[in-house]
Each structure stands twice: as C-alpha cells, then as structure tokens.
Amino acid sequence: MKNNLLPKQSIFNIVRLTVVIACGVLAGNYMLASPAQAVTISQPILEINAAPGETIYQLEQLYDDAKKGITVYPWVYNFTENPDREGSAIVLTDPADLQPDREWIKYDASRVDLPADGSLVDFPYRIEVPANGEPGTHLISLVFRSRPPTQEDLDGTTVYIGSTVATNIFLKVSGRIVDLINVE
C-alpha cells in the first residue's frame, strides 16, 4: 500500500510558501492603500548673482507626479557638499548648522496644494540680500516637505519621514572678497 502523506519537509515548504504569499498580498494591499508621494520641482539647482541690498524675485513650479493631490510645506535650510559623494549635496537641518543667510529667502504662502490632475503650481518667492550682506557664495536650500512644521522640527529633535524635494540655490553676492592663504 502506497503512503499518500507528504514528507515533513514538503509540508514545511508549503506552509512557508503560504506565509510568503500572504505577506506579499498584505504588503500589496498596504501599498495600494498608501499611495506614493512624488513631487517634482522645476529648478533643482539655481545660480543667482546679486548685489548687497538687492531683492531678486523667483518662481518655483511644482507638480504632483503621483497625481493623487498632495500638500507640501516650504522650509529654508543651508546645504553643503557631500564629502562622501562628489557632485551631491547635504541639506543641513540641524539648527546648529544653519546660517543667517537662509533668512534672506522670503515667501508669503505657508503651504502649496498640488492638485491631483498633475498641473503645475507656481510658488513665488524672493531673495532679499541685506545692504550689509556678506560678499561671496551662499548655499541656501528651499525645501518642500509633505508634512507641516512642528516645534520639534524647529528644535531639530525629530526624524522626518515623507516626501521632500529641494532647490539648492548658489547665491553669489558681489563685493570685495579677501581669501587668506598661509604658505609655509
């Protein structure tokens, strides 16, 4: 008489496969229930020349790639070169790393509502270089995040998870620059 029972290893493999498929289905349902947030910005890098005391008017355009409708919130930080990856930047979000020049970026809207039809939305802003603005290159990042600001964000005590897109502005303020070089 032939034994119709499956060996223990086969039963284990079937149970394991069933668990993997169930996890895949649950993950797929979760991903469908939580659409990805993708925002595109018109100018990821911007070089601007300005004189002390000058105000420069700019326009950023944003749209929702996912076409789900999303609200983003503007922030201004500084950025620096990423020492580990040539040609890339690191946005400095720690309050200890922020420079006063980031306060030169001014805007009136505290949020931007991007429609689900994927149409472009204008975000006007201005750069107000003070009369005593230090000559040289200032590295300022205009960031749009999918979460509104909280006090913890301002204190630099939280980790942010969400959609973020930025324009890195190389603001070159004219004037006399003295580079000190020590030769030994």
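Nothing in this text is a laboratory measurement; each read-out follows from the coordinates by a stated rule. Worth saying up front: this structure is predicted, and the values here are computed from it rather than measured. We place every Cβ from the backbone using ideal geometry, glycine too, and count neighbours over all the protein chains shown.
Each Lys and Arg contributes +1 and each Asp and Glu -1, all at the Cβ; summed about the Cα centre of region 92-145, the dipole is approximately 40 debye. Once you list every other residue whose beta carbon is under 13 Å from the beta carbon of Ala109, what net charge do they have if Lys and Arg are +1 and Asp and Glu are -1? Once all neighbours under 13 Å are counted, the net charge is -1.
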